[in-house]
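The values are calculated or read from the model by the stated rules, or taken from the named source; none is laboratory data. These numbers were taken from a predicted model, which means no experiment stands behind them. Using ideal geometry, Cβ is built from the backbone for each residue, glycine included, and neighbour counts are taken over all protein chains shown.
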Amino acid sequence: MSLKANIMGAFIAGVVVMTAPAFAHKVHAGATEISLNARTGEMEIVHRIFADDLMVAIGRDEADAEDVLREAGGLDAVRDYALANFRLGDPSGLLYDLDYVGAEIDGEFAWIYFVSAAPQDETGFTVDNDLLADVLDDQVMMTNFRFNSRVRTAMQGEGRREPVRVSFAD
């Protein structure tokens with residue numbers, strides 16, 4: 001099963017079942033999946049949020065999201081926005097350097113991709129996932145960590161905006 005399919009399944013099961021675009025538009029929720037790619041040895045970070053909400057956040061709400069992501073300037077704006085609103089750290093809080101891979105639109109969703117060096121310590125992470133919280137007070141972000149066949153989830157939303165520590169230690 002692809003990483004994209006895993007994220008979509010987790011998002012739907014963990015946050016809300018969306019039955020129609022009109023309903024989904026009223027929901028302010030997104031998902032982030034963090035896992036280790038065994039083939040490359042890199043940590044992969046994939047964000048899934050509503051494309052129209054992302055366009056508002058980057059100041060391009062008058063434009064079609066697919067058109068924006070066809071432009072280098074649009075891709076740069078998405079990168080800069082995501083880097084400013086998402087932080088990932090090791091158990092002590094030391095931040096990982098995130099390398100932007102790109103972004104794409106799939107239907108009503110925007111997918112934003114980053115990679116980082118494999119974590120030295122997989123026993124825990126600190127995450128601060130504020131994507132879209134600056135433009136939508138009720139935005140909820142679910143961050144799933146998948147390491148060594150184990151999953152941990154951090155939820156951040158209205159009234160819960162502080163960084164979250166996630167532990168894999170038994």
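Here are some notes:
- From the list Gly93, Gly73, the one residue that fits, being outside any helix (DSSP H, G or I), of a type outside the set (Asp, Glu) and surrounded by fewer than 19 Cβ atoms within 10 Å (Cβ to Cβ), is Gly93.
- Subset of the range 38-56 (residues that are crowded, with 19+ Cβ neighbours inside 10 Å and more than 30 Å from Pro119 (Cα to Cα)): Asp53, Met55
- Some residue of the range 49-56 being touching a strand residue (DSSP E or B) at 6+ places or on another chain (Cβ under 8 Å), free of Cβ contacts under 8 Å to residues at least 60 places away in the same chain and more than 17 Å from Phe109 (Cβ to Cβ): no
- Of note, Ile112 satisfies the criterion of being surrounded by 19 or more Cβ atoms within 10 Å (Cβ to Cβ), touching a residue at least 40 places away in the same chain (Cβ under 8 Å) and under 16 Å from the mean Cα position of the chain (by Cα).
- Filter pass, Arg79 being more than 13 Å from Ile45 (Cα to Cα) and either surrounded by 14 or more Cβ atoms within 10 Å (Cβ to Cβ) or at pLDDT 95 or above (or both): no
- Selected residue (criterion: nearest to the chain's Cα centre (by Cα)) from residues of the range 144-163 that are farther than 17 Å from Val27 by Cα, at pLDDT 95 or above and among the polar types (S, T, N, Q): Asn144
- In the range 112-160, the residues that are outside any loop (DSSP other than H, G, I, E, B), closer than 18 Å to Asp53 by Cα and touching a helix residue (DSSP H, G or I) at 6+ places or on another chain (Cβ under 7 Å): Ile112, Met142
- Qualifying residue in the range 22-36 (condition: β-branched (Val, Ile, Thr), within 21 Å of Val101 (Cβ to Cβ), in a strand (DSSP E or B) and modelled with pLDDT of 95 or more): yes
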